[in-house]
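See below for the structure under consideration.
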Amino acid sequence: MEKVLMRILYITQFFNPEPSFKGLKFAKDMQKYGHEFEVLTGFPNYPEGKIYTGYKLKPYQHEVLEGIAVHRVWLYPDHSGSVLKRIANYVSFFITALIAGLFLIRKFDAIHVAATPLNVGLVGVILGKIFNKPVLSDIQDIWPDSLAATGMLKNPKALKFISYFCNWSYRNSKKITVISKGFRDLLVQRGVPENKIEVIYNWSGLEGVVPTGNHQLKYVENTFNVTFAGNMGKAQDLTNVILAAELLSKEHPEVIFNFIGDGIEKQNLVNLVIEKNLDNVVFYDRVKSSEVIGYLEQSDCLLISLKKDPLFEITVPSKTQAYLSLGKPIISTVLGNAADLVEKAEAGYIIEPSNPHKLANMILKLSKLSQLELVQKGVKAKDFYEKNLSRQTSLTKFADTFNLIKD
């Protein structure tokens with residue numbers, strides 16, 4: 001039997017069977033590097049806020065998923081737009097995970113925590129302080145900045161309160177991993193030592209996923225399909241895309257805009273398309289990642305869209321890696337770190353946010369390229385991804401970082 005390098009408690013509010021980026025497969029991969037992983041999480045209820053079939057909400061449940069021990073604790077299930085209900089969701093998991101952690105933590109050498117949302121990060125750091133265990137905090141989202149940017153929380157006093165505890169958790173983490181150089185620079189500005197921070201890019205959530213189903217875009221003959229797939233929230237600024245579609249609808253009806261997914265803004269977008277009587281916009285229901293691949297591979301261009309905000313300039317939306325990995329031309333309205341990756345890959349074009357005229361013109365420009373030119377951009381995108389952003393590259397960096405917190 002191979003020697004276990006470290007026994008690690010992985011704390012995350014979202015875990016399989018929920019859609020979670022660093023979920024079961026991540027835990028299994030880390031075990032291949034010699035680290036023993038167990039998971040402390042909640043009962044699965046994301047994204048609809050309803051407990052999954054096969055689970056019953058109770059104080060505690062232990063299960064084993066594909067060789068990974070999973071400890072589930074009670075939480076208030078909710079993912080609605082209600083601020084109070086979302087707070088109840090976060091606070092309930094904080095309390096129950098902390099209590100469970102007090103009983104579980106002794107046998108582990110270290111704690112790996114999905115440090116955003118903050119409630120999860122605090123659980124890990126508090127347990128680490130009490131039991132003198134090193135903590136690796138994985139930052140996928142900068143709080144409270146993202147709360148303000150998305151409009152979820154606007155009260156300055158509340159934001160300052162959250163900021164205090166974020167900074168406290170950073171100070172008490174032995175290592176911090178972030179998903180962009182911009183995140184690293186921002187944390188350094190806030191007093192986090194640079195040698196404590198490791199930049200590890202997220203890989204594509206579609207890497208290694210086997211396509212299933214037979215999902216077809218509505219229009220494929222003599223068209224140029226622009227596709228957005230994912231969450232349709234306020235931050236995505238998709239009204240800007242609808243306005244660009246309107247500008248092209250009369251003279252260039254061959255350019256079709258596809259929206260795949262769901263979100264709090266979807267119905268508003270549907271209503272806007274009906275109001276403007278647009279025939280070049282098509283909406284599709286949310287589907288599993290294995291099913292969305294079919295839509296994306298049929299597309300001529302993939303779209304990344306976020307509204308203008310300083311926070312979004314230092315983040316890298318997961319779509320960036322996903323689209324690059326598929327080898328498709330990209331148009332992005334996200335400036336900063338994400339734009340740098342698209343430009344280095346020579347995979348497409350960057351447009352300033354919230355400018356439908358420039359977006360429409362750039363989509364039209366891309367649609368005029370030859371099939372060979374489009375294919376070349378896609379090849380460059382995939383090649384850049386495999387050399388710089390692949391799953392294997394990032395997993396190796398994570399394994400190395402775990403070895404660092406052991407010392």
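What follows is calculated from the coordinates using simple rules that are stated; it is not laboratory data. Owing to the predicted nature of the structure, the values given are computational and were not obtained by experimental measurement. All Cβ positions, even for glycine, are placed from backbone atoms using ideal geometry, and neighbour counts span all protein chains on display.
Restriction of the GluC sites (Glu not before Pro) in segment 46-100 to DSSP coil positions whose beta-carbon has at most 11 other beta-carbons within 10 angstrom yields 66. Name the chymotrypsin sites (Phe, Trp or Tyr not before Pro) in segment 182-225 that are in a loop by DSSP and that have at most 15 other C-beta atoms within 10 Å, would you? Here no chymotrypsin sites (Phe, Trp or Tyr not before Pro) fit, given the DSSP loop and packing criteria.
For segment 52-152, the Cα-based Rg and Dmax, in that order, read 14.7, 41 Å.
In the chain, the calculated helix contribution to ellipticity at 222 nm averages -13500 deg cm²/dmol per residue, counting -39,500 (n - 2.57) for every DSSP H run with n ≥ 4. Taking a cut-off of 13 Å between Cα atoms, list the aspartates and glutamates near residue 25, but don't count ones fewer than 8 places away on the same chain. Straight-distance partners of residue 25: 38, 66, 207.
In summary, the convex hull built on the alpha carbon positions of segment 224-388 has an orientation-averaged projected area of 8.7 nm².
Given a 10 angstrom Cα cut-off, can you work out which residue in 353, 19, 317 is the most mobile in a GNM of the chain? Maximum among the listed residues: 19. Computed from backbone phi with θ = phi - 60° and the Karplus coefficients 6.51, -1.76 and 1.60, the 3J(HN,Hα) list for segment 351-361 is 10, 4, x, 6, 9, x, 5, 5, 5, 4, 5 Hz; x is used for glycine and proline.
Highest mean first, the peptides 134-144, 272-282 sorted by other C-beta atoms within 10 Å per residue fall in the order 134-144, 272-282.
Taking the convex hull of the alpha carbon positions in the chain and averaging its projected area over all directions gives 20.1 nm². Look at where the Cα atoms of segment 117-138 and of segment 248-271 average out, and the two centres are 42 Å apart. If you filter segment 194-273 for GluC sites (Glu not before Pro), then keep DSSP loop positions with at most 14 other Cβ within 10 Å, what is left? Passing sites in segment 194-273 are 221, 251, 254.
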